[in-house]
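**Student:** Input: one structure, supplied below.
The values are calculated or read from the model by the stated rules, or taken from the named source; none is laboratory data. Keep in mind it's a predicted model, so treat the numbers as computed, not measured. Every residue, glycine among them, receives a Cβ derived from its backbone with ideal geometry; neighbour counts consider all protein chains shown.
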Amino acid sequence: MTTERIDNKNIYYPPGGILIWIIIFIELFTFGIAMIVMVYSSKDEPEVFHNSRLLLNSTIGAVNTLFLIVSGFCMAQSVHFFKQQAISKASLFLKLTILGGLLFLGLKGFEYYDKIEMGYSIGYNSFFSFYWMLTLFHVIHVLVGIVILIMMYLDIRKKGAEASLENIEASAAFWHMCDLIWILLFPVIYLIF
Amino acid sequence: MKRFIITLVVLVVLTILSAVVSNYSTNYTATIILILAGLKFLGIAYYFMDLIKAHVVWRIMLVIFLGLFLIPILILY
């Protein structure tokens, strides 16, 4: 039983495959443009954006950032151990990755509940319109990422070292993409205004 | 494996630093926070996603994206 080797130095085979990287760039540009539009809109209502930003709990945002970073670390470890054919360690780190994602969603759910309770819904003002649209769109990606990781976990448990490395790397790349998007969302929404 | 641990520590330190810097209101606060975010972005992409081992074009494309994202925000802000 050998794990297939992919030459990532080949321009057509970045880690995870070229298709997932096309998706990653489309997603990054989509979120990037939305964030630029948000900053542009803030020029019309700087006071609204500043006061609204102060209504957010940046500690929750920072803790969620740490959840995703640690989760990304576990994902990288899982891929590393899978390549070494240390399947039990790969499975363990994959479970920890999923746990990190669930903790992120749990804290995000608490934050959303808090905001709805206080009446800061999507129509409250333009800052909160951006807040809800961008963070909810990101949460959908995290949910999809968790489903993909659960499928990968089941695949590894069933097939062991015979599971496809390319699929695992592509799943990992999707998960890291959620991390990349959040790394840019966090300062723009929670810190700079 | 050691590479991942070093990356994790650096990312955690940069996240804490961003939160600390955000408490100070200066002309450069937003710039510093966004640059720190850019460094974290590259850290995740290059080391956790193993892009450091990929063809140079992919690494350059990611830096170009970061420039296209950060420069307009810094100009508009």
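**Student:** Just one of (1) within 27 Å of A:Phe174 (Cβ to Cβ); (2) without any contact (Cβ under 8 Å) to a residue 24 or more places away in the chain; (3) away from chain B (no Cβ under 14 Å); (4) out of contact with any Phe, Trp or Tyr (no Cβ under 9 Å at 6 or more places or on another chain) trips up A:Trp132, so point out which.
**Tutor:** (4)
**Student:** Let me ask something else. Filtering the stretch B:4-30 down to residues that are touching a residue at least 12 places away in the same chain (Cβ under 8 Å) and facing another protein chain (nearest Cβ under 9 Å), which residue is farthest from A:Asn10 (Cα to Cα)?
**Tutor:** Per the criteria, the residue is B:Val21.
**Student:** So for the stretch A:12-21 (the condition being part of a helix (DSSP H, G or I), farther than 15 Å from B:Phe48 by Cβ, modelled with pLDDT under 95 and touching a Phe, Trp or Tyr at 6+ places or on another chain (Cβ under 9 Å)), does at least one residue qualify?
**Tutor:** Yes.
**Student:** Which residue, of A:Tyr113, A:Tyr120, A:Tyr40, is in contact with a helix residue (DSSP H, G or I) (Cβ under 6 Å, 6 or more places away or on another chain) and either surrounded by fewer than 17 Cβ atoms within 10 Å (Cβ to Cβ) or of a type in the set (A, V, I, L, M) (or both)?
**Tutor:** A:Tyr40
**Student:** Going by the structure shown, is B:Phe41 within 9 Å of chain A (Cβ to nearest Cβ), more than 11 Å from the chain's Cα centre (by Cα) and crowded, with 21+ Cβ neighbours inside 10 Å?
**Tutor:** no
**Student:** For the stretch B:44-60, give me each residue that is at the interface with another protein chain (Cβ under 9 Å from one of its Cβ atoms), crowded, with 16+ Cβ neighbours inside 10 Å and part of a helix (DSSP H, G or I).
**Tutor:** B:Ile44, B:Ala45, B:Tyr47, B:Phe48, B:Leu51, B:Trp58
**Student:** Go over the candidates A:Val63, A:Val48 one by one and state the one that is more than 26 Å from B:Leu17 (Cβ to Cβ), modelled with pLDDT under 95 and surrounded by 15 or more Cβ atoms within 10 Å (Cβ to Cβ).
**Tutor:** Working: A:Val63 fails: more than 26 Å from B:Leu17 (Cβ to Cβ).
Result: A:Val48 is the single residue among A:Val63, A:Val48 that is more than 26 Å from B:Leu17 (Cβ to Cβ), modelled with pLDDT under 95 and surrounded by 15 or more Cβ atoms within 10 Å (Cβ to Cβ).
**Student:** State whether one or more residues within the stretch B:18-36 are part of a helix (DSSP H, G or I), surrounded by fewer than 13 Cβ atoms within 10 Å (Cβ to Cβ) and of a type outside the set (Gly, Ala, Ser).
**Tutor:** yes
**Student:** Identify, from the list A:Leu92, A:Leu68, the residue that is surrounded by fewer than 17 Cβ atoms within 10 Å (Cβ to Cβ) and either small (Gly, Ala, Ser) or assigned to a helix (DSSP H, G or I) (or both). Explain how you work it out, then say what you get.
**Tutor:** Numbers: A:Leu68 fails: surrounded by fewer than 17 Cβ atoms within 10 Å (Cβ to Cβ).
Sole residue among the options that is surrounded by fewer than 17 Cβ atoms within 10 Å (Cβ to Cβ) and either small (Gly, Ala, Ser) or assigned to a helix (DSSP H, G or I) (or both): A:Leu92.
**Student:** May I pose another question? Could you grab me the full set of residues in the stretch A:168-193 that are of a type in the set (Phe, Trp, Tyr) and assigned to a loop (DSSP other than H, G, I, E, B)?
**Tutor:** A:Phe193
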